[in-house]
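Novice: Okay, handing you the structure first.
The values are calculated or read from the model by the stated rules, or taken from the named source; none is laboratory data. Since the structure is predicted, the reported quantities are computational estimates derived from the model, not experimental observations. All Cβ positions, glycine included, derive from the backbone under ideal geometry; neighbour counts span all protein chains shown. Calculation scope for accessible area: heavy atoms of the full protein, side chains included, ligands and nucleic acids excluded. Shrake-Rupley method; radii C 1.70, N 1.55, O 1.52, S 1.80 Å.
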Amino acid sequence: MADLSARQHQMFPALTPRQVETAKRFAIGEPRHFKAGEFLYKVGDHAAPAWLVLEGSMDVFRHEGLSHEAPITTHGAGQLSGEVNQLSGRPTLAGARAGLDGCTAVAFDAAHLRALVIGSADVGEIIMRAFILRRVGLIDAGAGSVLIGTAGNAALSRLQGFFSRSAFPYLVLDSSSEGEGRALIERLGILVAELPLMVCPNGTVLKNPTDAEAAACLGMTPDLTPGKLYDVAVVGAGPAGLATAVYAASEGLEVIVIDERSVGGQAGASSRIENYLGFPTGISGQALAGRAYNQALKFGAEMVLPVAVNSLIAPKRDAGVLTLELEGGKAVTSCTIVIASGAHYRRPDIANIESFEGNGISYWASPIEAKLCAGEEIALVGGGNSAGQAIAFLAPQVKKLHLVVRRSLEETMSQYLIDRIKAFRNVELHMHCEVDAIEGDPTGGLKSATLRNRLDGSERQLSLHHLFLFIGADPNAGWISDRVHTDEKGFIVTGQSFDALCSFTRNPLPLETSLPNVFAIGDVRAGSTKRVAAAVGEGAAVVSQIHAALSLMKTPH
């Protein structure tokens, strides 16, 4: 939990008279007066503007649990309402009504708010810091959706992971104990198979929703404008894709980012990245991705989550429009495409492993998983830096951690992580070993894992309920692998002189694929350095090449 008590003045700042006058130049319409108790907006309202109080006061509140309100703050003259959702026009997580003496305020919709943040450096800095801190406060308070289920349930853990990676606040109520959650289940006659329930901020109740259904209810998946032509469509919201979005949008390009899951990619699952430039004490992958996401929103990039891209339709020559066909029958047209879809976690060849994913087997180590396995004996498979970061995060919280590695750590892991792992007394190393079998049942989850030594064939069975797998990843390029050149492992090849079957009428740019105006960056690209900093660098570098491609098109955009 973040301690924000010392930062209240930054969460709820008051603009100076000069700053108020500056802000008013970006507002929409004339100031409006609200009578005492009159709503400016309600929890869950779509496209609710941010309001700058000129006179009087505004009481801001959130939902607490299923049926209660909790006050957040009272804004006075010079204070602005809203949080991160106001930058994108998504449903608000808080409500506001005029105070006892009424309220006179001026409104800023998403577009005008972004114009203010970009157009006035000092006011923009104050607003962005306040909005981010307010989102952190909402997350700490669980002031968003309410999830009702039993702890450890695979579907509930999945939803919690989705909300956490999306930096969206939520509250969990235990359906097995007395209280609001159980009362709602009994009142609605909900079956166990229909859990978990999700109660959206606007009151809508979903039964065991998918991530896409949850996102739609929360307004996280925006309505696409039919026929709109973007300058850049980015597939993937990991570090590489987010970097492209920030740099391209800040330079005035129309940018849309599409991801089938959430922001952050594989880096978003890292509990702490300690070798990223500029963060000597380290930063979590989720925090890094969250900052980049907010930057992209600030500059006007559109985010479409979680929606999968099914295919790419490209013209025969390099002067046409590219079309991405999305899940659900939607489509996006763009002058250029950036493939930043990264890689997906590799699944080992173990019988029945699918049955325990989310129910004992995890491919990441977030605070949610750490809480579930606190004080227990666990195993982790993998010898790369991601595995090392996960061990450093989990080991202090568990009784014992078995580290299973096929080779030696020195071959694949940074030395600072190796030194840290060896300092843990509760970490037991199993070198040259692999998981050969797992046992358990769908109801009780994972019960044990059998290790096999690859050198002498000996076996050892471990009794445990949690197994973490960090064994690398394969390129997430199946949706486009039949359209672009790839290497023998499926990674996308860029910057080469492709054969005569390709439709180039010029030399490909360094990060360009075998399809003109289609670029590949980050982990999905052949020959890339699998590091967060390298992915961010490629995301920035590709923007200059996008400008070059746009200038070379036969019909300037």
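Novice: Just one of the numbered conditions (1) in contact (Cβ under 8 Å) with a residue 60 or more places away in the chain; (2) buried (at least 22 other Cβ atoms within 10 Å of the Cβ); (3) in contact with a helix residue (DSSP H, G or I) (Cβ under 9 Å, 6 or more places away or on another chain); (4) not aliphatic (A, V, I, L, M) is not true of E327; which one?
Specialist: (2)
Novice: Do we find a residue being of a type in the set (S, T, Y) and in contact with a Gly (Cβ under 7 Å, 6 or more places away or on another chain) anywhere in the stretch 350-361?
Specialist: First pass over the stretch 350-361, keeping only residues of a type in the set (S, T, Y): 355.
Then drop every residue that is not in contact with a Gly (Cβ under 7 Å, 6 or more places away or on another chain), which leaves none.
No, there is no match, as no residue in the stretch 350-361 is of a type in the set (S, T, Y) and in contact with a Gly (Cβ under 7 Å, 6 or more places away or on another chain).
Novice: If you don't mind, there's one more thing I want to ask. I'd like the residue in the stretch 30-60 that is open to solvent by 60 Å² or more (accessible area, probe 1.4 Å) and either aromatic (F, W, Y) or on the phi > 0 side of the Ramachandran plot (or both) and, out of all such residues, is nearest to the chain's Cα centre (by Cα).
Specialist: Checking each candidate, the answer is A47.
Novice: Now a separate question. Are any of the residues in the stretch 42-63 among the acidic types (D, E), touching a residue at least 24 places away in the same chain (Cβ under 8 Å) and in a strand (DSSP E or B)? Outline the logic, then answer.
Specialist: At the first step, the residues of the stretch 42-63 found to be among the acidic types (D, E) are 45, 55, 59.
Next, only the ones that are touching a residue at least 24 places away in the same chain (Cβ under 8 Å) stay: 45, 55, 59.
In the following step, the residues that additionally are in a strand (DSSP E or B) were identified as 55, 59.
Taking every residue of the stretch 42-63 in turn, at least one turns out to be among the acidic types (D, E), touching a residue at least 24 places away in the same chain (Cβ under 8 Å) and in a strand (DSSP E or B).
Novice: Looking at the stretch 131-146 only, could you name the residues that are in contact with a helix residue (DSSP H, G or I) (Cβ under 6 Å, 6 or more places away or on another chain) and open to solvent by less than 10 Å² (accessible area, probe 1.4 Å)?
Specialist: Within the stretch 131-146, just F131 meets the criteria.
Table: residues versus (1) of a type outside the set (V, I, T); (2) out of contact with any His (no Cβ under 7 Å at 6 or more places or on another chain); (3) within 19 Å of V518 (Cβ to Cβ).
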| residue | (1), (2), (3) |
| --- | --- |
| P280 | yes, yes, no |
| L305 | yes, yes, no |
| V309 | no, yes, yes |
| V321 | no, yes, yes |
| L326 | yes, yes, yes |
| S341 | yes, yes, yes |
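Novice: Same structure, new question: I'd like the residue in the stretch 1-21 that is loosely packed, with under 10 Cβ neighbours inside 10 Å and in a helix (DSSP H, G or I) and, out of all such residues, is modelled with the lowest pLDDT. Working first, answer last.
Specialist: To start, the set of residues in the stretch 1-21 that are loosely packed, with under 10 Cβ neighbours inside 10 Å comprises 1, 3, 5-6, 9, 17.
With in a helix (DSSP H, G or I) added as a condition, the list becomes 5-6, 9, 17.
On the way: S5: 76, A6: 79, H9: 92, P17: 97.
If we take residues in the stretch 1-21 being loosely packed, with under 10 Cβ neighbours inside 10 Å and in a helix (DSSP H, G or I), then S5 is modelled with the lowest pLDDT.
Novice: For the stretch 255-269, which residues satisfy the criterion of being modelled with pLDDT of 85 or more and in contact with a Lys or Arg (Cβ under 9 Å, 6 or more places away or on another chain)? Let's see the steps before the verdict.
Specialist: To start, the set of residues in the stretch 255-269 that are modelled with pLDDT of 85 or more comprises 255-264.
Across the stretch 255-269, the qualifying residues are I256, R261, S262, V263, G264.
Novice: For the stretch 505-530, which positions are open to solvent by 60 Å² or more (accessible area, probe 1.4 Å) and under 15 Å from F491 (Cβ atoms)? Before you say what the answer is, go through the steps one by one.
Specialist: Taking the stretch 505-530 and keeping what is open to solvent by 60 Å² or more (accessible area, probe 1.4 Å), we get 505, 507, 510, 527, 529-530.
G527, T529, K530, listed by residue number.
Novice: What tally of residues in the stretch 97-130 results from selecting those that are of a type in the set (D, E) and surrounded by 21 or more Cβ atoms within 10 Å (Cβ to Cβ)?
Specialist: At the first step, the residues of the stretch 97-130 found to be of a type in the set (D, E) are 101, 109, 122, 125.
Remaining after also requiring surrounded by 21 or more Cβ atoms within 10 Å (Cβ to Cβ): none.
Residues that pass the stated criteria total 0.
Rundown of residues vs (1) of a type in the set (A, V, I, L, M, F, W, C); (2) more than 27 Å from D474 (Cα to Cα); (3) touching a residue at least 40 places away in the same chain (Cβ under 8 Å); (4) outside any strand (DSSP E or B), yes/no style:
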| residue | (1), (2), (3), (4) |
| --- | --- |
| N275 | no, no, yes, yes |
| T281 | no, yes, no, yes |
| Q286 | no, no, yes, yes |
| A292 | yes, no, yes, yes |
| Q295 | no, yes, yes, yes |
| M303 | yes, no, yes, no |
| V307 | yes, no, yes, yes |
| L312 | yes, no, yes, no |
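Novice: Now, a different point. Scan the stretch 256-295 for residues that are under 18 Å from S334 (Cα atoms) and of a type outside the set (V, I, T) and jot them down. Before the answer, list the steps.
Specialist: If we filter the stretch 256-295 for residues that are under 18 Å from S334 (Cα atoms), which is where we start, we get 256-259.
Within the stretch 256-295, D259 is the sole residue that qualifies.
Novice: Has the stretch 182-198 got at least one residue that is open to solvent by less than 20 Å² (accessible area, probe 1.4 Å) and part of a strand (DSSP E or B)?
Specialist: Within the stretch 182-198 (the criterion being open to solvent by less than 20 Å² (accessible area, probe 1.4 Å) and part of a strand (DSSP E or B)), the answer is yes, since at least one residue qualifies.
Novice: Condition check: more than 23 Å from G236 (Cβ to Cβ), modelled with pLDDT under 90, surrounded by 20 or more Cβ atoms within 10 Å (Cβ to Cβ) and not acidic (D, E). Does N385 satisfy that?
Specialist: Details: more than 23 Å from G236 (Cβ to Cβ): no; modelled with pLDDT under 90: yes; surrounded by 20 or more Cβ atoms within 10 Å (Cβ to Cβ): yes; not acidic (D, E): yes.
Considered against the rule, which asks whether it is more than 23 Å from G236 (Cβ to Cβ), modelled with pLDDT under 90, surrounded by 20 or more Cβ atoms within 10 Å (Cβ to Cβ) and not acidic (D, E), N385 comes out as no.
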